[in-house]
Amino acid sequence: KAGVTQTPRYLIKTRGQQVTLSCSPISGHRSVSWYQQTPGQGLQFLFEYFSETQRNKGNFPGRFSGRQFSNSRSEMNVSTLELGDSALYLCASTQSPLVAGETQYFGPGTRLLVL
Amino acid sequence: DQQVKQNSPSLSVQEGRISILNCDYTNSMFDYFLWYKKYPAEGPTFLISISSIKDKNEDGRFTVFLNKSAKHLSLHIVPSQPGDSAVYFCAASLSSNTGKLIFGQGTTLQVKP
């Protein structure tokens, strides 16, 4: 079974631009969560989508948004990029967040550099 | 507000010895805990998990211990191998809401040959 895939793997943008990252979960997994990893803040939860609905949201500004499609693939968008948005963006999938003891499996991440 | 803390940024052990990585949490509502291993520029890899109904879970060389009263968990790796050198993250969640993980800051483990 293929793992979680993320595209693109690397991205360079300039301040003020917007970016869209894509995540395809493991086949059969219906929940996708997004995280941001930076050296200073560690791994921080952005949001989670299940059955095309946002279930949880972390403490990030409204410039960060996401969506999930009917095939469970998810995208996240960052508008008006700032230098501090440079980070590794990770997505993870589970079969269902409603089942106790479900494990999240992570993709390789998208490295975003904002200049 | 750091709800999950790994107070040791780094740990160095000799090959063959035991590695013990520690993690503390403040939110008593957390009832599901996981450990992940991460190499640079890769996504975290799941290692082992434990539910709050248990105090120990074992999988091969990896054992996780949970002390609910102290809000403390630890990961034991025995015996440690050079390939175990990586950053280890503990994470916590509610078992009813496993889509949201709260991570510690990570501990860099170096296993010396």
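For the stretch A:68-112, restrict the atom set to alpha-carbon positions and state the Rg and Dmax in Å.
In order Rg, Dmax, the Cα atoms of the stretch A:68-112 give 13.4, 38 Å.
Return the distance in nm (one decimal) between the two label points of a simple spin-label model at A:GLN54 and B:SER96, each offset 7 Å from Cα along Cα→Cβ.
Going from the A:GLN54 label point to the B:SER96 one covers 2.3 nm.
How do the peptides A:2-14, A:99-111 rank, highest first, by the average count of neighbouring beta carbon atoms within 10 Å per residue? Could you put the intermediate results ahead of the total?
Details: A:2-14: 13.8, A:99-111: 19.2.
Ranked from most to least packed, the peptides come out as A:99-111, A:2-14.
Let me see the pair-distance distribution of the stretch B:18-113: every alpha carbon pair, 5 Å bin width, integer percents in order.
Spelled out bin by bin, the stretch B:18-113 gives 3, 14, 26, 26, 18, 9, 4, 1, 0 percent.
Could you pull out every residue, at least 5 positions away or on a different chain, whose amide H is within less than 5 Å of the one on B:GLN110? Hs are placed 1.01 Å off N in the peptide plane, and Pro or chain starts have none.
B:LEU11, B:SER12, B:VAL13
Give or take rounding to whole Å, what are the principal axis extents of the alpha carbon atoms in chain A, in descending order?
40, 27, 26
Near B:ASN22, within a Cβ-to-Cβ distance under 13 Å, what is the net charge of the other residues, with Lys and Arg +1 and Asp and Glu -1?
It works out to a net charge of +1.
Taking 19 Å as the cut-off for C-alpha to C-alpha distance, list the pairs among B:LYS5/B:LYS112; B:LYS5/B:LYS37; A:LYS57/B:LYS38; B:LYS5/B:LYS68 that go past it. Let's see the in-between values first.
Details: B:LYS5/B:LYS112 25 Å; B:LYS5/B:LYS37 16 Å; A:LYS57/B:LYS38 24 Å; B:LYS5/B:LYS68 15 Å.
Pairs exceeding the cut-off: B:LYS5/B:LYS112; A:LYS57/B:LYS38.
Percent of Cα-Cα pairs per 10 Å bin, from 0 to the last occupied bin, for the stretch B:58-101, please list those.
Taking every Cα pair in the stretch B:58-101, the percentages come to 21, 45, 29, 5.
If R0 is 41 Å, what FRET efficiency do you get for A:ALA100 and B:GLN110 from their C-beta distance, rounded to 0.05?
Details: r = 35 Å, r/R0 = 0.86.
That pair, A:ALA100 with B:GLN110, gives E of 0.70.
I need the calculated FRET efficiency for the pair B:GLN3 and B:ARG61, taking r as the beta carbon distance and R₀ as 41 Å, to the nearest 0.05. Let's see the in-between values first.
Values: r = 28 Å, r/R0 = 0.69.
FRET efficiency, B:GLN3 to B:ARG61: 0.90.
Here, each number is a calculation from the coordinates, and none is a lab measurement. Bear in mind that the values here come from a model prediction, so they are computed numbers and not experimental data. When we count neighbours, we look across all protein chains shown, and the Cβ atoms used for this are built from the backbone with ideal geometry, even at glycine.
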